[in-house]
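Quick note: the coordinates plus some simple rules give every number you see, no bench work behind them. Because the structure is a prediction, the values reported are computed rather than measured. Glycine also receives a Cβ, built like all others from the backbone with ideal geometry; neighbour counts cover every protein chain displayed.
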Amino acid sequence: TPLQAGIKYPTRRHTKRRPSRFPPPPRLAAMPLLLSPLTARCLHRSPHLPAPVAHRPSRPRPFGGEARGGGRGRVAVVSERQAAAVETSPGGEGSDGERYDAIVVGSGIGGLVAATQLAAKGARVLVLEKYIIPGGSSGYYRRDGFTFDVGSSVMFGFSDKGNLNLITQALEAVGCKMEVIPDPSTVHFHLPGALSVLVHREYNDFIEELVSKFPHEKEGILKFYGTCWKIFNSLNSLELKSLEEPLYLFGQFFKKPLECLTLAYYLPQNAGDIARKFIKDQQLLSFIDAECFIVSTVNALKTPMINASMVLCDRHFGGINYPVGGVGGIAVSLANGLVEKGSAIRYKANVTNVILENGKAVSSSY
């Protein structure tokens, strides 16, 4: 080898390069795109994302504590180009010296919903986001005039009925509404054995197609999906807030005892065991596995029955609806609605420390 022969190669002097705080979005050429005709209709030449709102909040009004926004940054909801051009300057409590009732770290969907729910109840909220646009894993990027989602593309929760339309409820809390395009089908399965099943938006059309493939399992199909609807209707009858909060669940039990008992019964059970009570055909059970894989990325035996029921029924009850302009528009709408409520978002704000007083988070620095 060169080393054994005593050959020395010139060493290259390496210098540490400061990594970019804002990595560029993935290149389009490196991303395989699987677009349905409906999805393609949502990706417009002129993006329909809501227009960004620049806003300097008014003086704080009393609500709760006095958590402070620390660090640097501009208070605004801006586009990628505008945000990249923002000049930051050091500050103490914030460049505007204002105080906030709550600070939310991160402007993903979870952070934005938490912030907008607080703002809707009168709190002044500061959201700190290290990137230059909101959305997190539900963000977006643009190439050649087109807008591309970087996260989810199958969207539940846009319905105008029931209690499971959580996206609609989150947007309404800050006075926002998005135009959506209903998808006539959820997915088209192409499985081994030349099995092809189209999941129609209309439940009866889906059941009719599935029964046509497995006529000998008609009764089992109706019983399995009927059980899914029983669980879904119980969930849909409750005002969903926190399924982990004992006091909330205790109150719901007195309002809807039968529904709560139904959920308690199916809570420890998985979709695979329930399916095998009614269905014997192995190919049909494999189809149920494929259905559950979309829900939880595991087979039916590892998918909680409540999770499976929620998705397998809501695709027919509320349907799959694509927001015009892309999924990134959800985060932009929530962010703009938050600012309209008098709260603020600061981009390029990478939180490095949460300040505690008596064990309670009171501020942060970035």
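Listing for the model above:
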{"item": "Per-residue Cβ neighbour rank within 10 angstrom, fewest leading, D101, D273", "result": "D273, D101"}
{"item": "Cβ-based exposure ranking for I133, I345, in which fewest neighbours within 10 Å come first", "result": "I133, I345"}
{"item": "Dipole-positive endmost among W229, V211, Y248 within region 184-319 (Cβ charges, Cα centre)", "result": "Y248"}
{"item": "Sparsely packed trypsin sites (Lys or Arg not before Pro) within region 205-294, loop by DSSP, other Cβ within 10 Å at most 14", "result": "K241, K280"}
{"item": "Test item: Cα-centred dipole of region 184-319, Lys/Arg +1 and Asp/Glu -1 on Cβ, debye", "result": "220"}
{"item": "DSSP-assigned coil residues among chymotrypsin sites (Phe, Trp or Tyr not before Pro) in region 95-164, each with at most 15 further Cβ atoms within 10 Å", "result": "none"}
{"item": "19 Å cut-off, amide nitrogen to a point 7 angstrom out along L258 Cα→Cβ, residues in region 152-180", "result": "163"}
{"item": "Region 234-289: GluC sites (Glu not before Pro) falling in loop per DSSP and having at most 14 other Cβ within 10 Å", "result": "E239, E244"}
{"item": "Rg/Rg_ref, region 184-319, where Rg_ref = 2.2 N^0.38 Å and atoms are Cα", "result": "1.09"}
{"item": "Charge dipole magnitude, Cβ of K and R +1, D and E -1 - region 135-262, Cα centre, debye nearest 20", "result": "180"}
